[in-house]
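Participant: Supplied in structure tokens, the structure appears directly below.
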Amino acid sequence: MSRITVIVDGVSYTDEVEPRTLLVHYLRETVGKTGTVVGCDTSNCGACTVHLDGTSVKSCNVLAVQADGHEVTTIEGLSENGELHPVQKAFHECHALQCGYCTPGMIMQACDVLKNNPNPSEQEIREGLEGNLCRCTGYHNIVKAVQQAAGELSSQAVSS
Amino acid sequence: MIPAQFDYIAPGSVEEAISALAEHGDDAKVLAGGQSLLPILRMRLNAPGFVIDLGRIGELQGITEEGDTLVIGAMTTYAAVLASEAVGTHAALLSKAIQTVADPQIRHRGTIGGALVHADPAGDVGAPALALGAEFVIAGPGGSTRTVAGDDFFEDLFTTAVGEGELLTQIRVPKHTGWGAHYEKFVRVSHQWSIVGIAATVRSEGGSIAEARVGLTNMGSTPLRARAVEDALVGQPATDEAVRAAVASVAEGTNPPSDLNGDSDYRKHLATVLTRRAVLAAAGA
């Protein structure tokens with residue numbers, strides 16, 4: 001067993017884990033962050049996307065021990081003071097989900113896309129989300145939601 | 001699935017990593033970015049007793065310039081290579097190829113050195129590294145290092161010159177400042193492995209090709225460099241007709257695989273089409 005300390009959604013956790021434990025399993029089963037889901041389990045689908053030190057990663061493709069001393073943000077850590085994050089709000093308003101299984105990963109990756117490119121074109125959004133699969137094929141509204149969130153975030157930036 | 005049990009070692013220096021390799025030998029696997037290794041462990045295609053994680057060795061990360069050479073640490077992520085202005089300016093071909101690797105999340109974790117040592121023939125980094133004439137610095141026991149030229153680095157399927165007990169530490173890329181570059185990757189879905197990929201970089205002079213370098217992805221058990229085509233392109237105008245003729249023989253002597261994505265002859269045909277496109281795009285035509 002290895003002892004790890006990881007900050008998850010702003011709270012520090014210290015736990016004993018087997019080295020083979022995947023980050024996604026640590027988050028779900030030890031920390032209880034079941035908002036992050038396991039989709040394909042082969043690093044293709046992106047449903048398990050979280051931020052590691054502020055950068056998107058597929059948490060089924062990272063060992064929990066690799067996150068020792070680092071900071072993880074999951075879908076459960078995005079909202080502030082009970083207010084949905086602008087990307088979450090836009091997914092809700094644009095109906096950017098059908099079954100909803102890909103949604104946590106889509107939102108986390110959309111946040112990463114907008115962090116690096118606050119005003120992406122439709123093509124740039126689609127390329128930024130290329131590692132996230134929606135098996136309902138609901139990409140159209142997902143792209144619309146990211147566009148709406150980009151507008152919301154940039155008007156927030158202007159007003160603040 | 002989850003990997004079989006292993007012990008985890010996270011050395012803080014190259015020296016410590018080499019010692020751990022010496023101690024555990026072929027029961028150990030080296031973890032770089034882990035974007036290929038973790039799926040392999042999860043699918044139980046390999047079950048090492050020890051995993052040696054290079055992720056905490058700062059000296060293996062980063063990009064520096066030494067005169068006419070770019071020095072890229074083996075543990076530099078794809079994302080860091082893409083963000084590097086020096087690579088964009090002096091080795092644009094590498095940036096163009098890495099833009100096509102997998103997806104953003106994988107590029108945040110995956111490393112250039114991990115990809116090169118993994119040596120998947122369908123991986124996108126080997127061909128541009130060969131085309132740019134990269135050299136590979138390998139560390140071994142007792143503080144020893146040796147430098148291997150591109151042509152000697154890739155030995156076979158998933159096999160490189162990096163021996164047991166050794167680590168790739170640096171990729172040294174000769175600057176190709178002012179050269180146009182293009183990586184033409186043929187896939188059916190966006191984040192697939194290359195069915196065939198062509199890396200081309202060209203120095204143009206007055207509308208014609210003064211020098212060219214061409215690397216081939218997934219046209220054999222290792223990445224390949226198409227020297228005959230490079231020679232044939234010298235002095236040619238950057239026109240469709242001239243380039244088409246110069247690259248017509250690009251698949252000669254190659255032995256590409258046959259699989260569900262296409263048979264060997266199909267890949268040979270693809271290579272001629274993609275090489276023409278890649279060279280023309282690199283020449284700005």
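The values are calculated or read from the model by the stated rules, or taken from the named source; none is laboratory data. Treat the numbers as computed from the prediction; the structure is a model and nothing was measured. Cβ atoms come from the backbone with ideal geometry, glycine included; neighbour counts cover every protein chain shown.
Participant: For the condition of a type outside the set (A, V, I, L, M, F, W, C) and touching a Lys or Arg at 6+ places or on another chain (Cβ under 8 Å), what is the one hit in B:Q61, B:Q105, B:Q99?
Facilitator: Values: B:Q61 fails: touching a Lys or Arg at 6+ places or on another chain (Cβ under 8 Å); B:Q99 fails: touching a Lys or Arg at 6+ places or on another chain (Cβ under 8 Å).
Exactly one of B:Q61, B:Q105, B:Q99 is of a type outside the set (A, V, I, L, M, F, W, C) and touching a Lys or Arg at 6+ places or on another chain (Cβ under 8 Å), namely B:Q105.
Participant: If you don't mind, there's one more thing I want to ask. What are the residues in region B:156-204 that are under 20 Å from B:L94 (Cβ atoms), charged (D, E, K, R) and in a loop (DSSP other than H, G, I, E, B), if any?
Facilitator: The answer is B:K175, and nothing else.
Participant: Does region A:22-72 hold any residues that are more than 7 Å from every other protein chain (Cβ to nearest Cβ), hydroxyl-bearing (S, T, Y) and surrounded by fewer than 21 Cβ atoms within 10 Å (Cβ to Cβ), and which are they?
Facilitator: A:T30, A:T34
Participant: Same structure, new question: Looking only at region B:120-155, how many residues end up being in a helix (DSSP H, G or I) and of a type in the set (G, A, S)? Step through it out loud before you land on a result.
Facilitator: Going through region B:120-155, the residues in a helix (DSSP H, G or I) turn out to be B:126-131, B:141-143, B:150-153.
Filter again for of a type in the set (G, A, S), leaving B:126-127, B:129, B:131, B:142-143, B:150.
Residues that pass the stated criteria total 7.
Participant: Can you give me the number of residues within region B:1-10 that are surrounded by fewer than 18 Cβ atoms within 10 Å (Cβ to Cβ) and either in contact (Cβ under 8 Å) with a residue 12 or more places away in the chain or more than 9 Å from chain A (Cβ to nearest Cβ) (or both)? Before the answer, list the steps.
Facilitator: The first filter runs over region B:1-10 and keeps only residues surrounded by fewer than 18 Cβ atoms within 10 Å (Cβ to Cβ), leaving B:1-2, B:4-5, B:7.
Keeping just the survivors that are either in contact (Cβ under 8 Å) with a residue 12 or more places away in the chain or more than 9 Å from chain A (Cβ to nearest Cβ) (or both) gives B:1-2, B:4, B:7.
Number satisfying all stated conditions: 4.
Participant: Applying the selection to region B:102-113, what residues are within 14 Å of another protein chain (Cβ to nearest Cβ) and closer than 16 Å to B:L37 by Cα? First the steps, then the outcome.
Facilitator: The first filter runs over region B:102-113 and keeps only residues within 14 Å of another protein chain (Cβ to nearest Cβ), leaving B:102-111.
Listed by number, the residues that qualify are B:A102, B:Q105, B:I106, B:R107, B:H108, B:R109, B:G110, B:T111.
Participant: Go through (1) touching a helix residue (DSSP H, G or I) at 6+ places or on another chain (Cβ under 9 Å); (2) farther than 21 Å from B:V247 by Cα; (3) not in a strand (DSSP E or B) one by one and return the number of the condition B:T222 breaks.
Facilitator: (2)
Participant: Which one of B:V187, B:V148 is among the β-branched types (V, I, T) and assigned by TED's automatic domain parsing to the domain that holds B:D231? Quick ask: steps written out before the conclusion?
Facilitator: Details: B:V148 fails: assigned by TED's automatic domain parsing to the domain that holds B:D231.
The conditions single out B:V187.
Participant: Just wondering, is there one or more residues in region B:79-95 that are within 14 Å of another protein chain (Cβ to nearest Cβ), at pLDDT 95 or above and within 13 Å of the chain's Cα centre (by Cα)?
Facilitator: Applying the first criterion (within 14 Å of another protein chain (Cβ to nearest Cβ)) to region B:79-95 yields B:79-80, B:82-83.
So of that shortlist, the ones also at pLDDT 95 or above come out as B:79-80, B:82-83.
Filter once more, keeping what is within 13 Å of the chain's Cα centre (by Cα): none.
No; the residues of region B:79-95 include none that is within 14 Å of another protein chain (Cβ to nearest Cβ), at pLDDT 95 or above and within 13 Å of the chain's Cα centre (by Cα).
Participant: When B:A97 is evaluated against the numbered criteria (1) outside any helix (DSSP H, G or I); (2) in contact with a Phe, Trp or Tyr (Cβ under 6 Å, 6 or more places away or on another chain), which criterion, by number, is the only one it fails?
Facilitator: (1)
Participant: Among the residues of region B:235-267, count how many are closer than 30 Å to B:T160 by Cβ, assigned to a loop (DSSP other than H, G, I, E, B) and at pLDDT 95 or above.
Facilitator: To start, the set of residues in region B:235-267 that are closer than 30 Å to B:T160 by Cβ comprises B:247, B:249-267.
Add one more test, that the residue is assigned to a loop (DSSP other than H, G, I, E, B), and what stays is B:247, B:249-258, B:260-261, B:263.
Remaining after also requiring at pLDDT 95 or above: B:247, B:249-258, B:263.
Final tally of qualifying residues: 12.
Participant: For region A:5-16, which residues satisfy the criterion of being more than 14 Å from the chain's Cα centre (by Cα), assigned to a strand (DSSP E or B) and either away from every other protein chain (no Cβ under 14 Å) or not charged (D, E, K, R) (or both)?
Facilitator: If we filter region A:5-16 for residues that are more than 14 Å from the chain's Cα centre (by Cα), which is where we start, we get A:5-7, A:10-16.
From the residues that got through so far, the ones that are assigned to a strand (DSSP E or B) too are A:5-7, A:11-16.
Of everything in region A:5-16, those that are more than 14 Å from the chain's Cα centre (by Cα), assigned to a strand (DSSP E or B) and either away from every other protein chain (no Cβ under 14 Å) or not charged (D, E, K, R) (or both) turn out to be A:T5, A:V6, A:I7, A:V11, A:S12, A:Y13, A:T14, A:D15.
Participant: Among (1) within 14 Å of chain B (Cβ to nearest Cβ); (2) over 15 Å from the mean Cα position of the chain (by Cα); (3) in a loop (DSSP other than H, G, I, E, B), which single condition is A:N119 missing?
Facilitator: The number of the failed condition is (1).
Participant: Considering only residues of region B:18-60 that are without any contact (Cβ under 8 Å) to a residue 24 or more places away in the chain and within 14 Å of chain A (Cβ to nearest Cβ), which is surrounded by the fewest Cβ atoms within 10 Å (Cβ to Cβ)?
Facilitator: It comes out as B:L45.
Participant: Okay, next question. I need the full set of residues from region B:230-249 which are out of contact with any Pro (no Cβ under 9 Å at 6 or more places or on another chain), in contact (Cβ under 8 Å) with a residue 40 or more places away in the chain and either surrounded by 18 or more Cβ atoms within 10 Å (Cβ to Cβ) or of a type in the set (S, T, Y) (or both), in order please. Show your work before the answer.
Facilitator: Residues of region B:230-249 out of contact with any Pro (no Cβ under 9 Å at 6 or more places or on another chain): B:230-242, B:244-249.
Still in the list and also in contact (Cβ under 8 Å) with a residue 40 or more places away in the chain: B:233, B:238-240.
Selection gives B:L233, B:A238, B:T239.
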